[in-house]
1. Can you classify the range 360-547 as rounded, prolate or oblate using the Cα gyration tensor, where a ≥ b ≥ c are the square roots of its eigenvalues, rounded means a/c under 1.5, and otherwise it's prolate if a/b beats b/c and oblate if not?
2. Can you spot the aspartates and glutamates whose alpha carbon is less than 12 Å from Lys291's alpha carbon? Ignore those fewer than 8 places along the same chain.
3. Quick query: amide H of Ala398 versus all other amide H atoms, modeled in the peptide plane; which residues come in under 5 Å with a sequence gap of 5 or more or a different chain?
4. Calculate, for Lys4 and Leu191, the FRET efficiency according to 1/(1 + (r/R0)^6) with r their C-beta to C-beta distance and R0 45 Å; round to the nearest 0.05.
5. Please identify the trypsin sites (Lys or Arg not before Pro) of the range 49-124 that satisfy two criteria: DSSP loop assignment and at most 14 other Cβ atoms within 10 Å. Which are they?
6. Which lysines, on any chain, are close to Lys271 with Cα under 23 Å apart, when same-chain ones fewer than 8 places away are left out?
7. Give, in nm to one decimal, the length gained when the segment between His596 and Ala375 is fully stretched (0.36 nm per residue of separation minus the Cα-Cα distance).
8. How about Lys195: which lysines have a C-alpha closer than 28 Å to its C-alpha, ignoring those fewer than 8 places off in the same chain?
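Bear in mind these aren't lab numbers, they're just calculated from the coordinates by the rules spelled out. The model shown is predicted, which means the values in this text are computed figures rather than measured ones. FYI the Cβ positions are ideal-geometry reconstructions off the backbone, even for glycines, and counts take in every protein chain you see.
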Amino acid sequence: MESKMYCYQCQETAGCSACTVSGVCGKSPETANLQDLLMFATRNLARVTTALRAQGAEIDNAVNYMVTENLFVTITNANFDNEAISARIGQTVKATLELNARLGDAAIDAWDGEGDWDALSSQVGVMATENEDVRSLRELITYGLKGMAAYNHHVNAFGTFLPEVDAFLQDALAKTRDDSLSADALIALTLETGKYGVDVMAALDAANTGAYGNPEITSVNIGVRNNPAILVSGHDLHDLEMLLEQTQGTGVDVYTHSEMLPAHYYPQFKKYENLVGNYGNAWWKQREEFKSFNGPILFTTNCIVPPRGEVAERIYTTGASGFEGCPHIEADENGRKDFSALIEHAKRCEPPVQIEEGSIVGGFAHNQVLALADAVVDAVKAGAIKKFVVMAGCDGRAKSRNYYTDFAKALPKDAVILTAGCAKYKYNKLDLGDINGIPRVLDAGQCNDSYSLAVIAMKLQEVFGLDDINDLPIVYNIAWYEQKAVIVLLALLHLGVKNIHLGPTLPAFLSPTVAGVLVENFGIAGIGTVEDDLALFFGEEAAAAAKADAITADMLVGEIIRKHPGAVAILEAAGMGCMGCPASQSESLADAALVHGLAVEPILEKLNA
């Protein structure tokens, strides 16, 4: 089939290879090609700003912000609005031509926006680089820069700009199409991208805590009240603050969703009585959860699942996010956003339907964990805590991600999970207990708060007097999905962390050669079965204990067969005749039973017997 697009920047890319007909994320070929064109235009602009800086010129922050937001727009699940992306391309070309004129005789050969956009987009996308290994390194850097831009965008929301970060981001972006750079130079640029990733994440941490205080241990309500309400998704705390200010006295409640959950951990947000709690789970469940919420939903950043039916009529976007047909709320010249239309919409809606009850605990960012440092160190020295497991990152739709739930359940009772990002929804409601009063799941917050995990590791290294951060009793078993996870990975590599395991699959954009470099130099690896990985991280005894655990309905059929080959006869006898088909690798036992019209409980009883 003829390729209509080419995108492999996220973990769920088709066939672990590339989306070439339409995006698994819901992105159309038209949107994908416009985003390729926006990246092309932005690289041109970056070439010009880098050349101007070389001449000693200063670049206006409006231009820096344009580059940052352009990259954020192209992140997975952020913007599906073709008209808005097209307008952004035009604005970028205009800015490029105006700045290029200032270079005089040193002006670059920049695109003027003319010509057949469809034809040009096919020439400037990912596959424009023919050499597989060079292409792989260029895209690894580009996706790291996209993640960096997302964090930089949140810093900018506070009116703070980072000149060194902007200069590096634009210079590196320009270099991703510089044919004079060798593979070694691109590898060095990859690690330098990680260095600036650490810098921008530290700046974002300072901006958030400076505005809202240090996160603290907090029990977050997951039930509802009987008032009309607005649901806020995404990552932008500044947008949430403006909305909360404008909803005071209106009778409209506000709930967080997915990555916005950690807002509840900040002291400053606790003064808003109408910030009720968190509604729902990770981003990929939003279609069903948005339907039962009843009220309008505000997307502040990425993580949009293209909405269907009446839910689409309740979607609003702002910032880098966008979806065709949904109202987009722009900031005025002072950065203020008017959410009055959203609030009035909420007043016309029924209150949310309760889908859960109770609470979940979080707020274990670096300041809070370091406040518990004595208790943590004592628990480690006493042997009560044997290891920390960093299970940060992203959640997603793939059934293979149930691995992280099963892995968390099977961990030895003396292991503590450190997490940040929506990956936590795989295990943050399991009630895994505590160790000497220290919860076994320490949630630092959003993917934006991954910096906290690095700070905690570096502080523990200092406390235990270790020369090498890799000598800590910490293992890294990280789930990734999109480009912010890429910059977190590069940041960890810059800090010297080795032996990071990524799943559920390694990135499709890593060529065999580039993957080999990461394996050889940094010990990067994929995941295996829960049993194998427990043996790797904790020894055979832990693996044996996990093996003794019962088979459950949410286990993949393929995993059950791999662990227990004798299960094939039981499954076939029950009416599941095709044990070797690809679906067995992606369907849970419950799903397979449903497809075959079977009750899962009798099958479970026989398997466990």
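1. rounded
2. Glu310, Glu313, Glu350
3. When sequence neighbours closer than 5 places are left aside, there are no close amide H contacts.
4. 0.80
5. Arg102
6. Lys337, Lys347
7. Contour length minus Cα-Cα distance gives 74.4 nm.
8. By straight Cα distance, Lys195 reaches Lys146, Lys175, Lys387, Lys424, Lys459, Lys484, Lys498.
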